[in-house]
Amino acid sequence: MFRKSFLSRYVGDKQFYRTVLAVAVPMIVQNGITNLVNLLDNIMVGQVSTTAMSGVSIVNQFIFIFNLLIFGAISAAGIFTAQFHGMGDVEGVRHTFRFKVLVNFLAGVFGIAAFAAFDDRLIQLFLQMEGETSQLSPAEALYYGKQYLWPMLIGLIPYAISQAYASTMRETGQTFVPMIASSAAVATNFILNAVLIFGLLGAPAMGVAGAAIATVISRFLELGILVFWGHTHKKKCPYLKGAFRSLYIPRSLFGRITVKGMPLMANEFFWAIAITLRNQGYSTCGIDVVAAQNIAVTIINLFSVVYMSLGSAIAILVGNQLGAGEIERARDTDRKMIAFSVVCATGIGLVLIGLSSVFPLIYKAPDNVRSLAAFMIVITGCAAPFFSYTHAAYFTLRSGGRVGVTFLFDSVYMWSVVLPTVALLAHFTSISIYWLFIAGTLAEALKALFGWILMRKINWSRCLVSEGKG
């Protein structure tokens with residue numbers, strides 16, 4: 001009897017998983033292709049030198065902050081987009097789309113200005129310019145990092161605008177087209193990387209600068225595909241009809257998105273900075289750590305797209321059901337999706353552990369770098385189920401508009417628990433990078449317990465769009 005009750009609460013029927021996979025699989029494929037190409041790009045840059053790979057990795061830490069700032073900007077409007085779509089309100093979706101485009105454009109301008117103003121100082125945060133005993137040169141890493149950064153700035157705005165289109169399409173049920181656009185972009189990026197990094201087909205060998213140029217071209221291509229398809233298929237994207245006739249957004253809706261959005265933007269921004277500072281704490285053990293973590297993260301990101309995409313699917317499916325007023329159905333869907341995500345992440349963790357001793361051998365890196373990368377992959381694989389739960393809990397709280405709680409759960413936890421743990425151990429003890437990485441990972445994994453408590457104590461299942469229309 002208990003087994004039957006447990007299964008009915010946490011395991012769905014065939015139709016349930018068909019619905020979940022119909023939303024999640026295109027995102028898994030899209031993100032999987034992106035991360036696969038990133039992995040191949042990483043290997044190609046590593047063929048220039050391990051130091052070049054480290055310089056590019058440092059710059060990508062800061063591009064990561066910008067990307068999450070964009071994610072935060074679209075997330076708040078996305079809550080309303082999913083719920084407006086769930087209740088069939090096209091005009092509401094149109095207004096949220098305008099909000100995304102406007103805010104993302106301004107974020108792109110801000111990102112370019114910030115990176116241009118602080119380029120050297122940002123990169124040097126990860127480099128011990130004096131007293132370094134590694135085979136890798138911090139001065140060379142700085143040189144390669146700057147070579148990579150400046151072309152990348154050109155791609156910030158097209159990336160930001162493409163995310164406004166892609167997120168709105170996904171939230172309104174059009175997950176296939178963003179997948180195609182992203183797949184075309186990453187395929188182009190991969191081909192151009194090979195051509196521009198190594199000078200194939202008569203092109204000049206541009207090294208890391210070529211990798212950056214390839215990325216920028218691919219981002220313009222992705223935006224072009226999304227814009228072209230969206231504006232030529234307005235029956236499937238009715239919110240694009242008249243979307244740019246004005247920038248009008250009803251004041252009340254603008255205010256509600258802003259109230260929800262500022263904490264989400266702040267959350268993504270401060271969370272990304274915390275992750276970057278955590279990595280900087282690891283890097284105090286030497287530039288070898290930067291190279292090892294770059295190797296480990298590429299394979300970790302490739303496999304983690306499964307539970308990451310399932311988390312995004314929670315926001316869409318649960319958000320649609322909340323918008324339609326189906327509160328109990330939304331809670332049931334969420335519970336079963338979280339269980340599914342944790343099971344998938346457990347399998348992913350086992351795969352990562354199995355690949356840990358093999359994958360680093362692909363890189364032309366010193367043995368100590370490979371060994372450290374393998375260790376990081378194993379520890380992260382063990383923590384994968386906990387990370388999947390926290391990711392699903394984040395999107396659950398967000399789907400019901402609990403942005404204050406989301407901020408507490410995500411950023412405040414990182415700044416009050418994870419970051420102090422790593423910073424204190426890194427700067428005030430002589431702990432090895434192995435124990436330091438275990439401590440940091442354990443501190444992050446414990447957030448799953450915090451998420452479980454919040455999910456039980458907080459009423460997250462609310463229909464926001466019924467609270468007032470603008």
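The values are calculated or read from the model by the stated rules, or taken from the named source; none is laboratory data. Since we're looking at a predicted model, the values are computed, not measured. Positions of Cβ are backbone-derived with ideal geometry, glycine not excepted, and every protein chain shown enters the neighbour counts. Note: accessible area is taken over every heavy atom of the protein model, side chains too, but ligands, DNA and RNA are not part of it. Shrake-Rupley method; radii C 1.70, N 1.55, O 1.52, S 1.80 Å.
Miscellaneous remarks
- Shape of the range 16-131, Cα gyration tensor, a/c cut at 1.5: oblate
- In the chain, the longest principal axis of the Cα atoms and the axis of helix 447-457 are about 10 degrees apart.
- Heavy-atom accessible surface of the chain, averaged per residue, reaches 41 Å², computed with a 1.4 Å probe.
- You can think of it this way: the chain between Ala423 and Leu350 has 23.3 nm of extra reach, that is 0.36 nm per residue less the Cα-Cα gap.
- Leading residue at positive end of dipole, the range 77-202 (Cβ point charges), from Ala141, Phe190, Thr96: Thr96
- Leu102 versus Ala22: modelled label distance in nm, points set 7 Å from Cα along the beta carbon direction: 3.4
- Exposure rank, largest accessible area first [Phe359, Phe244; 1.4 Å]: Phe244, Phe359
- Listed values (1) 21.6, 62; (2) 21.9, 70; (3) 27.3, 83, entry calculated as Rg and Dmax of the Cα atoms in Å: (2)
- The range 389-409 and the range 221-293: distance between their alpha carbon centers, rounded to Å: 17
- For the range 371-405, the residues whose backbone nitrogen is under 13 Å from a point 7 Å from the Cα of Lys457, taken along Cα to Cβ, are 405.
- Phi-derived couplings, Karplus 6.51 cos²θ - 1.76 cosθ + 1.60 at θ = phi - 60°, listed residue by residue for the range 106-123: 5, 5, x, 4, 4, x, 4, 4, 5, 5, 5, 6, 10, 4, 4, 5, 5, 5 Hz, with x used for Gly and Pro.
- Helical mean residue ellipticity (222 nm; -39500 (n - 2.57) per DSSP H run of 4+; nearest 500) of the chain: -27000 deg cm²/dmol
- In the chain, the longest principal axis of the Cα atoms and the axis of helix 50-86 are about 0 degrees apart.
- Take Ser252: with every protein chain present and a 1.4 Å probe, its accessible area is about 60 Å².
- Cα long-axis angle, helix 287-323 against the chain (0 to 90 degrees, to the nearest 10): 0
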